[in-house]
Each structure stands twice: as C-alpha cells, then as structure tokens.
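**Q** Dropping the structure in here first, questions after.
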Amino acid sequence: MAHTFGTDVVVAGAGPVGLTAAAELRGRGVRCRVVDRLPARLPYAKAVGVQPRTLEIWDHMGLARTVLEAAVPMYGQLAYVNGVEQPRIDLVLPPEVPYGFAALPQYETERILEDHLARFGTGIERGTELVSFGQDSAGVTVALRSASGAEEEVRARYLVGCDGAHSVVRKRLGLAFEGSAFPEEYMLGDVEVDWDMPAGYGVRSMHRNGDGAVDDLLVCIPLPGRNRYRMSMMVPPELSGAGRKDGSADGVVHGLEGGGSPALPDIQAVLDRLSPRPTTASCLRWASVFRISHRIVDRYGEGRVFVAGDAAHIHPPTGAQGMNTGIQDAWNLAWKLALAIEGGTHQDLAASYDAERRPVGEEVVERTVRHASQGVQADRTDPETLMLREAQLLVGYRGSPLVDPASGEPGPQPGDRAPDCAGLSAHIAVFPLRLYDLLRDRGHVLLVYGDGEQGGQLAEAAGEFSGGRVGTCVILPAGTAPRSSGPPAYVDTLGEFARLYGVADGATAFLIRPDGYIGARLRPPTAERLTAHLARTFAPNGSGAR
C-alpha cells in the first residue's frame, strides 16, 4: 500500500458543501485534497434555491459576480388551492441586505465552486472512495481507493466528511443519526412549459380533499432558461416504491432513488390536474423519484474528524434550507481549521464548530418538518421575521464560547450576523463603498467607530496579541475628515453604519469574525477588553497547539 503524507485536510465529497469547505481552506493557504466517489459531476438540478446569506458568503469569497451571472432571481411564490389563487408571497428584504433570493441548478453551483477551487491549483479526485480512517492526537490517517482499485493511505491533520446522507465518515466515526422518514414519495422533473406565468416566481398548486388534507401537489421552481422549472409532485401509484434499495443498507432513506424514473407523460398528467394555466411540458432533461427523511447527528465531529451538510443533517426541502445550511456549516468550520493549522489559537477553537452549528441544524430540521406538514403560512412569526429567517439572515451564535456576552446596548450583539451598510467613503475611492467591500476576502477585522486615534491603539494591541491576524478599519461619523496615518479610515457619509450598528456617540469597536459574525462589541473599547475577547480564539505568543 502506498503512503502519502503532507496534506492538511482531506475533504470527502465534492458537492456544494465540500467544495465550499475546500475553497475556503485553499483561500486561506491550507493544503487539502478533495475526493469524491462519483466519476463525474451529476447533471441534476437537485438543490436549486440560493439564499441571500449564501450569496453574502460567496461575496466574501469573491464568487458573487459569477453566481449572479448564472442564476435567476426568485421574486416570490404564486399559490393555488383547489384551483383558487391564494395571496401572493413576495420575497422582500430590508434595503440594507445586499442580495435577494436566487435559483441555480446544483450542477451549476458545483461547476462554479469547482472552477474557483481550481484557481488555487486544487482539483477533485474523482472516482476515489474513502474506505476508512483512524485518528490520533496529531492527525488522521485516511485510506482511499481509486476507481482502478488502487489503495492509498493519506496522513492529514483533519478530515471533513461532506459525503452526503449515507456518509461513510459519519458511520465510521460512530455518530448517531436519529430521525425517521416521511411515508410519501415525490418525483422531480426538469422541464419547460409554455404557460404565461410571471417570470421569477415559484408556483405551488395543491388539492385538498374533503377532510382538508393535501392529496395532490405541484411545486415549480424557476431555473435559468425560457420557462424552465424544476418541478416536484406526488408519485403516481405505478412508480411508487421504485428503487427503494437506495439507502436500505444503512437504514437512511433520503434523496434520489434508483430504478424507474418518471417520464414526460407522468409530469404532464400532474400539470393537467394542477397547473394554474393550461400548459404542455417539453424538453425533459431528467426526472427521478425521491424520498425525504429528517435526521441529525448527535455531534458534528469528534477529535480531528467533522461532518457537514447532509452528512450531519437531512430534512424536507421546504424553503430551500438544506444546501444553504450545509454551505454555512462548511464556512464556519473552514476558517477555524485554517487558523488551527496555522497555530497560535485556543485549543478548543475547532471544537466550537459543534457548539455553534448543531443548534442551527436542530432548528432547521424542526422548522422544515413543521413547514412540510403545516405549511410556512402556519408559522406564527411576523412576516418580516419569517422572511429574514428563511433567507438565513437570522442565523447566529449568541452564547457560543467564541463570542462575548450580549452588551445590552441597541444594535447587533456578539454572535449576530454583521449587517452590511452603504455610503462609506475613503481618500482615494471616488465611489461609495459598502461595509462588505471592507470585509471581503479577509480574516478577523476590528471596526472602530468614532475615534481614529484610539483605532490605532487598538490595532496595535490586536495585532500584537493575534500575531498580526486581525486587521483594523476605522469608521468615522459623517462630516469627519479621515486622517492620512493610522489604520484605514472610512467616513459613514449616509449614517448607515451608525444606524444599523446602534452607535450614536462615543467610540465603539466591533470584532468581526472571518465568517461575518460579530465576536465582540466593545464600548468603551479598551485594549484590555479587546485582548480578553481575542483570547477566546487566539493563544497569546503563539502558544496554541496545532
């Protein structure tokens, strides 16, 4: 057996979650190998909804423009019950949120991420299966098998399992994956139709029987192309149970099934019953039967091995939460592993992944199951909060060991997403900047509002404690002239930063983590309070274990 050493992270699985993890690791200088048992990317539009928070992540990674050019906007949903049109749902967010909702076939998402990863000189090792692994205090030894049957042993510091609902990493790690499956089966189809429904709107049409139960369903999500949709609907009796062997070996039934596939007449039959306009389907690209489970692991990792995405949680596709939640898993984990590999960090940094992401996974599983059975409209949350939650803009980490306690002041708190804002000006740029322009492709950033001189002192303290791994920007009130010396300074010309961050007068500092969440809110900002917070992540004098 051959032996290969010298990589930092092995990522198992080259779906959107694994590719996000690998791209963020490589962007931070971490060596990694990405393996996937499939010989090629699957040409299926499986996960298609892209949430605004995911677009913010891709903006931070430098991918937003490419995605926006390939995706189509999602403006809302048109709903019908027994042929009667229901109130339209418009997907409207506050003006400071930089991105709206979008739809993009999963294979396009994977292509974009794969191309981005290739810029770092890293490709996907296709047809390569993770067979087993063992770990010790220093690293993980991973056994791989190629399509030719050749075996290889890889030594890495960490292993990340993004290998789906039937994850080998999860099973080999011995993680519990409790939950159950829905009895219903559905079929998916990627088709074109000739109706005149408004572009950019999903369509949900259902039939309720005399008892009020849904006994027929059609959900259509727009895709790039003229009148192209990813449609899902209940399976006709003649296709029920086709290919259920997928997942039976490990007791997990979830996702696309093998065996017989729906044909265009099967989809047309549902359209004839439920389409809000008479229409004819054509250009069937692919179709499949799929089943849904709801499960979550008892922990997101152990030692130097972690799971993310469907390997950690599976649930109904209601609200397009699955892929987007997995991408946030990967992003949360990747920056922590990158810092841990670099050294000089708190010994529990990587372990905080479970503390932060498992509560999010639990909430998503519970909510999507509830929405699948009762409908999103049954949620008693006010419409604005509901929209922000579905957009994944309310995901937060209050109470995490990495963030400070709440400050008790107005505005976002430690653990909350750092909101974007517009109208920042600088000496050289003659166009207004957004706050996310300052945070893009960076690590920890200290934002000091209101006092440029104090910003310089805090920057020195942060840089000394973290070994130069915290950048500093000063945000000055409108009407203030930025100084030519000290940390980079930007003027809050529209007052948006002050409004959205709840600062009116006096200096306030915010420590923004690499994933765009607030770690600390310091008022007054002192070097002592700042270094006390940084000690949650960094070890002074580079003493943290790798």
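The values are calculated or read from the model by the stated rules, or taken from the named source; none is laboratory data. Keep in mind that what you see is a predicted model, and the values were worked out from it rather than measured. Note: ideal-geometry Cβ built from the backbone for every residue, glycine included; neighbour counts use all protein chains shown. For the accessible areas, the whole protein counts, side chains as well, though only heavy atoms, and no ligand, DNA or RNA atoms are used. Shrake-Rupley method; radii C 1.70, N 1.55, O 1.52, S 1.80 Å.
**Q** Tell me which residues, restricted to region 472-502, are outside any strand (DSSP E or B) and buried (at least 23 other Cβ atoms within 10 Å of the Cβ).
**A** PHE497, TYR501
**Q** Given the conditions (1) of a type in the set (D, E, K, R); (2) part of a loop (DSSP other than H, G, I, E, B); (3) open to solvent by 50 Å² or more (accessible area, probe 1.4 Å); (4) farther than 30 Å from ASP272 by Cα, report the number of the one that ASP196 does not fulfil.
**A** (4)
**Q** While we're looking at this one, here's another question. Might you check whether a residue that is of a type in the set (S, T, N, Q) and closer than 30 Å to GLU342 by Cα occurs anywhere in region 515-531?
**A** Yes, region 515-531 has at least one match.
**Q** What's the total number of residues in region 414-464 that are outside any loop (DSSP other than H, G, I, E, B) and open to solvent by 40 Å² or more (accessible area, probe 1.4 Å)?
**A** Of the residues in region 414-464, the ones outside any loop (DSSP other than H, G, I, E, B) are 417, 424-425, 433, 435-439, 444-449, 452-464.
Filter once more, keeping what is open to solvent by 40 Å² or more (accessible area, probe 1.4 Å): 437, 453-454, 457, 460, 464.
Result for region 414-464: 6.
**Q** Then there is this: Of everything in region 374-402 that's among the hydrophobic types (A, V, I, L, M, F, W, C) and under 22 Å from VAL81 (Cβ atoms), which residue is modelled with the lowest pLDDT?
**A** First, the residues of region 374-402 that are among the hydrophobic types (A, V, I, L, M, F, W, C): 376, 378, 386-388, 391, 393-395, 402.
From the residues that got through so far, the ones that are under 22 Å from VAL81 (Cβ atoms) too are 376, 378, 386-387.
Details: VAL376: 65, ALA378: 62, LEU386: 90, MET387: 93.
Taking the candidates together, the pick is ALA378.
Here's the yes/no breakdown for (1) aliphatic (A, V, I, L, M); (2) farther than 25 Å from LYS336 by Cα; (3) within 27 Å of the chain's Cα centre (by Cα):
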residue	(1), (2), (3)
ASN82	no, yes, no
PRO95	no, yes, yes
PRO105	no, yes, yes
ILE112	yes, no, yes
ARG126	no, yes, yes
ALA143	yes, no, no
GLU151	no, yes, no
ARG157	no, no, yes
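**Q** Also: Take region 329-343 and flag every residue that is touching a helix residue (DSSP H, G or I) at 6+ places or on another chain (Cβ under 7 Å) and either over 26 Å from GLY468 (Cα atoms) or modelled with pLDDT of 95 or more (or both).
**A** If we filter region 329-343 for residues that are touching a helix residue (DSSP H, G or I) at 6+ places or on another chain (Cβ under 7 Å), which is where we start, we get 329-338, 343.
Passing the criteria: ASP329, ALA330, TRP331, ASN332, LEU333, ALA334, TRP335, LYS336, LEU337, ALA338.
**Q** Moving to a separate point now. Is it fair to say ALA509 is modelled with pLDDT of 95 or more, part of a helix (DSSP H, G or I) and not charged (D, E, K, R)?
**A** No.
**Q** Would you mind telling me which numbered condition in (1) touching a His at 6+ places or on another chain (Cβ under 9 Å); (2) not in a loop (DSSP other than H, G, I, E, B) ASP515 fails?
**A** Looking at each condition in turn, ASP515 falls short on (2).
**Q** Check VAL169, VAL154 and return the single one that is surrounded by 16 or more Cβ atoms within 10 Å (Cβ to Cβ) and under 24 Å from ASP354 (Cα atoms).
**A** Only one candidate qualifies: VAL169.
**Q** Within region 106-117, is even one residue closer than 25 Å to GLY516 by Cβ, open to solvent by less than 40 Å² (accessible area, probe 1.4 Å) and either of a type in the set (Asp, Glu) or free of Cβ contacts under 8 Å to residues at least 60 places away in the same chain (or both)?
**A** Within region 106-117 (the criterion being closer than 25 Å to GLY516 by Cβ, open to solvent by less than 40 Å² (accessible area, probe 1.4 Å) and either of a type in the set (Asp, Glu) or free of Cβ contacts under 8 Å to residues at least 60 places away in the same chain (or both)), the answer is yes, since at least one residue qualifies.
**Q** Which one is nearest to ILE327 (Cα to Cα) among residues in region 138-151 that are open to solvent by 50 Å² or more (accessible area, probe 1.4 Å), in a loop (DSSP other than H, G, I, E, B) and without any contact (Cβ under 8 Å) to a residue 24 or more places away in the chain?
**A** Here is the first cut: in region 138-151, the residues open to solvent by 50 Å² or more (accessible area, probe 1.4 Å) are 138, 145, 147-148, 150-151.
Now narrow it down to the ones that are in a loop (DSSP other than H, G, I, E, B): 138, 147-148, 150.
With the extra rule that they be without any contact (Cβ under 8 Å) to a residue 24 or more places away in the chain, the set shrinks to 138, 148.
On the way: ALA138: 27, SER148: 31 Å.
Taking the candidates together, the pick is ALA138.
**Q** Moving on. For region 471-504, enumerate the residues that are of a type in the set (S, T, N, Q) and farther than 20 Å from GLY456 by Cβ.
**A** Matches in region 471-504: THR493 only.
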